[in-house]
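Each remark here refers to the structure printed beneath this line.
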Amino acid sequence: AKVAVLISGRGSNMTALVEAARAADCPYEVALVLSNKAEAEGLTLAAEAGIATLAIPSKPYGADREAHERAVDAALREAGIEVVALAGYMRILTPFLVEAWAGRMINIHPSLLPKYPGLDTHRRAIEAGDAEAGCTVHLVTVGVDEGPIVDQARVPIEAGDTPETLAARVLIAEHQLYPAALAKLVAG
Ligand code: GRF
């Protein structure tokens, strides 16, 4: 399956997806890495890995989120993309893009959903006194971080953890979970 990875920043999950796709038995290929920010570090990493990249800056579209999404959607179709993986794509999607890719768009979120949708997940988990944290891959629906769960991974919260130390531990789990969950989704 031809996959596009949508990013806004450093792209470490995108890199994990690209690296896993090198395995001969991987059922997906990363055919495009698309960013809404031209300066995203992940675009450079993807280009260095030999992946086609595209920046479609959202800023010029201002508040017209759907117009930006129409440009993104056209680029995905032009590239023959079958499945979209959001990886640190910092845009809330409108129903237009969600419905266009329903059942074929996934996201990774750094919490054990349904706990802690939205931002600042690690601080919230620590402040709640949780014993564990983790990450979730889910299908994208109109409700932010609310779609059906594809898979989750858990890590312990340790004494003295800060949001940063916990984020680093969860990120390692994200890099293992995301390629496996994407492979599971495309393999049916
Ligand atoms: C990850 O923690 C991901 O779960 C969240 O945003 C972060 C993106 O990091 N949605 P990266 O760009 O993949 O390094």
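Every number here is computed from the coordinates shown, using simple stated rules; none is lab data. Given the structure is predicted, the values throughout are model-derived calculations rather than measurements. Reconstructed Cβ throughout: ideal geometry from the backbone, glycine too, with neighbour counts over all protein chains shown.
For the reader, a short list of remarks on this structure follows.
- Alpha carbon centroid spacing (whole Å) that separates segment 4-42 from segment 53-87: 15 Å
- Largest-first principal axis extents of the Cα set of segment 1-41 (Å): 33, 16, 9
- One quarter of the surface of the convex hull around the alpha-carbon atoms of segment 72-125 equals 4.2 nm², the direction-averaged projected area.
- Segment 1-81: antiparallel DSSP beta bridges as a percent of all, rounded to 5: 0 percent
- Helical runs assigned H by DSSP (4 residues or longer) give the chain a calculated mean residue ellipticity at 222 nm of -11000 deg cm²/dmol, each run adding -39500 (n - 2.57) before division by the residue total.
- Between segment 125-150 and segment 88-108, the alpha-carbon centres lie 16 Å apart.
- For the chain, the alpha carbon convex hull comes to 113 Å³ per residue, rounded to a whole number.
- Nitroxide proxy distance, nm - points 7 Å out along Cα→Cβ at GLU39 and ILE126: 2.7 nm
- Between helix 65-78 and the chain: long-axis angle, C-alpha atoms, 0 to 90°, nearest 10: 70 degrees
- Net charge over other residues, Cβ less than 12 angstrom from the Cβ of LEU177 (K, R count +1; D, E count -1): 0
- Here the spin labels are modelled as points 7 Å beyond Cα on the Cα-Cβ line, and at ALA167 and ALA55 they lie 2.2 nm apart.
- Against the main long axis of the alpha-carbon atoms of the chain, helix 163-186 sits at an angle near 50°.
- Cα principal axis extents for segment 111-180, largest first, Å: 35, 23, 16
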